[in-house]
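Trainee: Please read through the structure below; I'll follow up with questions.
The values are calculated or read from the model by the stated rules, or taken from the named source; none is laboratory data. Just so it is clear, the model here is predicted, and its values are computed rather than measured. Neighbour counts are summed over all protein chains in view; Cβ atoms, including those assigned to glycine, are modelled from backbone coordinates with ideal geometry.
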Amino acid sequence: MRRAMILLASVGLTVALAVPVAAASPTHTLYLALGDSLAWGDGASVPAHTGYVPRLAGYFQGASHGGADELVNLAVRGDTTGDLIAGQLGQAVALIADTDTDTRVVTISIGGNDLLDLINDPTDACLNPVRMAECQLLMGNALAGVAANMPVIMGTLQAALAADPGDEKVFVLLPYGLGGAGLPIEAMIDLGLRGAVPGAGCGDYGLDDILACVTMATGGIVVDAYPLFAGRTLELTHMGEAFNVHPNDEGYEVIAKAHRVADRNS
């Protein structure tokens, strides 16, 4: 009897050791925000609360909208697509790869500074009517840079998310124009954003078309702010006070709502 009990105990131990141990569940579900001053909340009365990212944090906490219980905002004011690759992208991949986390939602606002860098200084070619040929060349180079960088950003994120547990959604915001602000460069800005033939796709080399094309090709969700701000620049931004393109609180709510609508329609 004693030998039989020892044998049974031995078999039981062997079976127990043979059963795989379930991997520990991630302790944090994340909403990651990447981008520039829009994602950071520049122009909001309280960026940590009234920018579009914190407005969305509560929405994405909902079980049917992602169930992300923690917001991590990696956005850096002034970042271009190249800057994002050099900094935020690596941070995001590390968070996604962390076994203690499960990333549920990613939002991205980037690309605007790639063009705004051309009109930051009074001596910039794009602010001088007699240097428009030079401006068009610079704009073409900037847009070509975005067209090269966005596939890197989206491809890297989607590859990291593919190894992450569960389902995820990646939203990319298309920048708005400055229509209605009364600026002589509004048409030039619109050309850079929407291209000569709006909606023509990547080949047209409008910023919004490039962003939209790459986003859709890599399984992301497009959030188009352009038509929502058209003719409402003075109402939704600080352009009436100075050359400040950033949204006010109402503008950030418009952007947040656009994300919620895009999510429900996805």
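Trainee: Suppose the filter is in contact with a strand residue (DSSP E or B) (Cβ under 8 Å, 6 or more places away or on another chain) and either under 25 Å from Leu138 (Cβ atoms) or touching a residue at least 60 places away in the same chain (Cβ under 8 Å) (or both); does Ile85 pass it?
Mentor: Details: in contact with a strand residue (DSSP E or B) (Cβ under 8 Å, 6 or more places away or on another chain): no; either under 25 Å from Leu138 (Cβ atoms) or touching a residue at least 60 places away in the same chain (Cβ under 8 Å) (or both): yes.
In short, no.
Trainee: Go through Gly220, Gly192, Gly251, Gly182 for me and flag whichever is within 25 Å of Asn128 (Cβ to Cβ) and surrounded by 14 or more Cβ atoms within 10 Å (Cβ to Cβ). Working first, answer last.
Mentor: Working: Gly220 fails: within 25 Å of Asn128 (Cβ to Cβ); Gly251 fails: within 25 Å of Asn128 (Cβ to Cβ); Gly182 fails: surrounded by 14 or more Cβ atoms within 10 Å (Cβ to Cβ).
Exactly one of Gly220, Gly192, Gly251, Gly182 is within 25 Å of Asn128 (Cβ to Cβ) and surrounded by 14 or more Cβ atoms within 10 Å (Cβ to Cβ), namely Gly192.
Trainee: Moving on. Within region 151-169, is even one residue out of contact with any Lys or Arg (no Cβ under 7 Å at 6 or more places or on another chain), closer than 30 Å to Leu234 by Cβ and touching a residue at least 40 places away in the same chain (Cβ under 8 Å)?
Mentor: Within region 151-169 (the criterion being out of contact with any Lys or Arg (no Cβ under 7 Å at 6 or more places or on another chain), closer than 30 Å to Leu234 by Cβ and touching a residue at least 40 places away in the same chain (Cβ under 8 Å)), the answer is no, since none of the residues qualifies.
Trainee: Would you point out the residue of region 223-264, among those that are more than 18 Å from Arg55 (Cα to Cα) and among the aliphatic types (A, V, I, L, M), that is nearest to the chain's Cα centre (by Cα)?
Mentor: Initial filter on region 223-264 (more than 18 Å from Arg55 (Cα to Cα)): 226-227, 229-235, 238-245.
Pick out the ones that are also among the aliphatic types (A, V, I, L, M) and you get 230, 234, 239, 242, 245.
Working: Ala230: 21, Leu234: 24, Met239: 23, Ala242: 26, Val245: 18 Å.
The selected residue is Val245.
Trainee: Helices (runs of 4 or more DSSP H) wholly in region 183-233 with at least 3 residues that are within 27 Å of Ala125 (Cα to Cα) and at pLDDT 80 or above - which ones? So that I can check it myself, show each step before the final result.
Mentor: On the way: elements: 186-194, 207-217, 226-229.
Here the list reads 186-194, 207-217.
Trainee: Within region 39-68, which residues are at pLDDT below 95, surrounded by fewer than 22 Cβ atoms within 10 Å (Cβ to Cβ) and outside any helix (DSSP H, G or I)?
Mentor: Gly62, Gly67
Quick grid of which residues meet (1) modelled with pLDDT of 95 or more; (2) surrounded by fewer than 22 Cβ atoms within 10 Å (Cβ to Cβ); (3) not small (Gly, Ala, Ser):
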position: Asp79; (1), (2), (3): yes, no, yes
position: Ile85; (1), (2), (3): yes, yes, yes
position: Gln91; (1), (2), (3): yes, yes, yes
position: Thr107; (1), (2), (3): yes, no, yes
position: Ile110; (1), (2), (3): yes, no, yes
position: Asp117; (1), (2), (3): no, yes, yes
position: Pro122; (1), (2), (3): no, yes, yes
